[in-house]
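The structure under discussion appears below in the form of structure tokens.
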Amino acid sequence: MNNAAPKKNNLIGLIKLIRPKQWVKNIFLFAPLVFSKEFLHLHSVYHVIFAAFLFCIAASAVYIVNDLNDMERDRAHPEKRKKRPLASGELTVQSAIILLGFLYAALIAAWFITPHVIYVIAVYIILNLLYSFKLKNEPVIEIFIVAFGFVLRVYAGAVALNVPVSNWMFVTTLSLSLYLASIKRRQELIQNGSQSRGVLSHYSVTLINRFAEMSATTAIIFYSLYVMTVQSKLIITIPFVMFGLFRYWFIVETLKGGESPTDVVIYDKQILLTVLLWAGFCIWALIPQG
């Protein structure tokens, strides 16, 4: 019988700490690249990829701070005490702090390359610090903070390209993000109860359902209005948006998923195919003829 303690400071533990699977959220940075038609220029693609890389570093730094702050609380959670490397003892606090220092140093160095993107990332980090230490216990506000993180990603992509963020893109991204954040809270409340996250005691499933339905509806409306008034060639993409939202709600209601939007996008084949088809048709429709 093996009673040995888990090996600390191993590579797997460090990978868990920075949560690379969550980096898929940074796909939002590529939205301005598509809708500004800058995807036709190789240097523009490079700038957005680099900005997305920096956001991956920033997001990992945010996760480390969050895990350090929630370590004791995570140890009392039935799932997180096994999955979170600090809570499980797989990593030491010292190793997490050292890694956090390296990530911050990388972002500071990147300021000399692309300062405007770093300004956006700084806002993202400050907002998440406020969330981790104070605002995550404020109902409704905490949902908007989570959603605004996606809006900042879109804005960072636009800044990297030096193009403006349209009002349509802003409000559509915000609506979609509020939908995903609301669903995440709904599933946490149903599956783990309010003990898993203090703010959940302020919510009910009925209330969060209303949040999610309102956000999904506005996302479809705003995206459709954008297409019909600005980019009529994208009319073919509206069914993909609607199907994606319908499929996501099916996963939530019937398959009991949705607590992690990242897992849904990665592991549900229909959602993944829908996203790829939507992106492909967007690029095809926006390529200049001739």
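PHE148 meets the conditions (1) in a helix (DSSP H, G or I); (2) in contact (Cβ under 8 Å) with a residue 60 or more places away in the chain; (3) buried (at least 16 other Cβ atoms within 10 Å of the Cβ) in every case but one. The failed one is (2). Close Cβ contacts (under 6 Å, 6 or more residues apart or on different chains) running from residues in region 230-253 that are without any contact (Cβ under 8 Å) to a residue 12 or more places away in the chain to residues that are part of a helix (DSSP H, G or I) and aliphatic (A, V, I, L, M) comprise ILE235/VAL227. Here the helices (runs of 4 or more DSSP H) wholly within region 47-134 that include at least 2 residues being over 23 Å from ASN26 (Cβ atoms) and of a type in the set (Asp, Glu) are 71-75. Given the condition assigned by TED's automatic domain parsing to the domain that holds ALA160, surrounded by 18 or more Cβ atoms within 10 Å (Cβ to Cβ), of a type in the set (Asp, Glu) and closer than 30 Å to GLN191 by Cβ, answer yes or no: does some residue in region 79-101 qualify? Yes, because at least one residue in region 79-101 is assigned by TED's automatic domain parsing to the domain that holds ALA160, surrounded by 18 or more Cβ atoms within 10 Å (Cβ to Cβ), of a type in the set (Asp, Glu) and closer than 30 Å to GLN191 by Cβ. Only residues that are surrounded by fewer than 17 Cβ atoms within 10 Å (Cβ to Cβ) and among the aromatic types (Phe, Trp, Tyr) were counted across region 217-248, and they come to 2. Screening region 251-262 for residues that are loosely packed, with under 15 Cβ neighbours inside 10 Å and of a type outside the set (Ser, Thr, Tyr) and picking the one that is modelled with the lowest pLDDT gives LYS256. Exactly one residue among ALA181, ALA160, ALA219 is assigned to a helix (DSSP H, G or I), of a type in the set (Gly, Ala, Ser) and assigned by TED's automatic domain parsing to the domain that holds LYS134, and that residue is ALA160.
Of the residues screened, ARG210 is not one that is charged (D, E, K, R), closer than 30 Å to ILE141 by Cβ and surrounded by 13 or more Cβ atoms within 10 Å (Cβ to Cβ).
The values are calculated or read from the model by the stated rules, or taken from the named source; none is laboratory data. Every value quoted in this text rests on a predicted model; they were computed, and no experiment measured them. No Cβ is skipped: glycine too gets one built from the backbone with ideal geometry, and neighbour counts run over all protein chains shown.
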